[in-house]
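This report concerns only the one structure given below.
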Amino acid sequence: MFDRFNRKINYLRISVTDRCNLRCVYCMPEEGVKLLSHRDILSFDEIVEVTKAAVRKGVDKIRITGGEPLVRKGIVDLVEMIGKIDGIKDYSMTTNAIFLDKFAKDLVKAGLQRVNISLDTLNPEKFKELTRGGDIQKVFDGIEAAKKAGLEPIKINCVIKESDQEQDAVEVTKYCKAHNLQVRFIKEMDLETGEFGVVQGGSGGDCGICNRIRLTANGTIKPCLFSDISYNVRELGAERAIDLAIGNKPQSGHTNVTGKFYNIGG
Ligand code: SF4
């Protein structure tokens, strides 16, 4: 399907939960967050129904996000249910890899093709600080498990303040080269002020060629991350919500004062 600016919309990012097993300082506030109630979170069948509707409209690229998708109970079953939908050519997940060593093999069996893994530093102390308590060794174990399982390519999402010449970014780049991983740099974003940049090594943030819509964990279709526009699939039905989202997709991002990264999925 094409939007009003003649951009082909073929990419659906699906947030399957607002929960996470880390508390990254640029994503979650220190005091924690008010999480969605169980009944507000879409069921597996509802997510599959929306995905099927999106695929009927030309979507062939699916990314599973969160919060942290691997904390959603039964995630492998959900990945399998979506993986069975005909027409998906590119099937990936963005994860913090803390649980990946446990799930990698089963995710591949369920049809997942590749992963993006968040890693902003190689320094264990700094990692613990940035994630408010995370153990970096679990990420390295997750990367090795993903390789062994055949998830390919493995891309590393490295959040930077300003430049890929920052010390942590340079070290992550060296690590990726040494381990045959692809690195992408994401400038810290701010939904409320509308601060964002084009993802270095990716296409995110490049509004002129934006091909994506998002499904949030509580069932809204968002045409743009940096916008407050959203359409509720439970109220409108999947087809109509997707049509309205693509039909009203803004030419470029502005600000988003209603959403949070952890319930939209970045
Ligand atoms: S800000 Fe909106 S239009 Fe721009 S790349 Fe992101 S989602 Fe697409």
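Key figures for this structure:
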quantity: Residue match in the range 143-160 (condition: open to solvent by 20 Å² or more (accessible area, probe 1.4 Å) and within 20 Å of MET28 (Cα to Cα)); calculated: yes
quantity: Some residue of the range 236-250 being within 10 Å of the ligand (Cβ to nearest atom), open to solvent by less than 60 Å² (accessible area, probe 1.4 Å) and closer than 17 Å to ASN10 by Cα; calculated: yes
quantity: Test result for LEU191, within 16 Å of the ligand (Cβ to nearest atom) and more than 17 Å from SER118 (Cα to Cα); calculated: yes
quantity: Which numbered condition LYS34 fails, given (1) at pLDDT 95 or above; (2) exposed (fewer than 13 other Cβ atoms within 10 Å of the Cβ); (3) basic (Lys, Arg); calculated: (1)
quantity: Filter result (open to solvent by 60 Å² or more (accessible area, probe 1.4 Å) and under 19 Å from CYS24 (Cα atoms)) within the range 168-188; calculated: LYS187, GLU188
quantity: Residue among GLU195, GLU188, GLU239 that is of a type in the set (Asp, Glu) and over 30 Å from ASP164 (Cα atoms); calculated: GLU239
quantity: Unmet requirement for GLY201, which otherwise passes all of (1) in contact (Cβ under 8 Å) with a residue 60 or more places away in the chain; (2) at positive phi; (3) open to solvent by 50 Å² or more (accessible area, probe 1.4 Å); calculated: (1)
quantity: Of residues in the range 209-235 being in contact (Cβ under 8 Å) with a residue 24 or more places away in the chain and assigned to a helix (DSSP H, G or I), the one nearest to the ligand (Cβ to nearest atom); calculated: ILE209
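This table checks each residue for (1) closer than 20 Å to LEU191 by Cβ; (2) in contact with a helix residue (DSSP H, G or I) (Cβ under 7 Å, 6 or more places away or on another chain).
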{"position": "PHE226", "(1), (2)": "yes, no"}
{"position": "ASN232", "(1), (2)": "yes, yes"}
{"position": "GLU235", "(1), (2)": "no, no"}
{"position": "SER252", "(1), (2)": "yes, yes"}
{"position": "THR255", "(1), (2)": "yes, no"}
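The values are calculated or read from the model by the stated rules, or taken from the named source; none is laboratory data. Here the structure is a predicted model, which means the values were calculated and not measured. Cβ sites come from the backbone with ideal geometry, for glycine too, and all protein chains shown count toward neighbours. Surface accessibility is based on the protein's heavy atoms, side chains included, excluding ligands, DNA and RNA. Shrake-Rupley method; radii C 1.70, N 1.55, O 1.52, S 1.80 Å.
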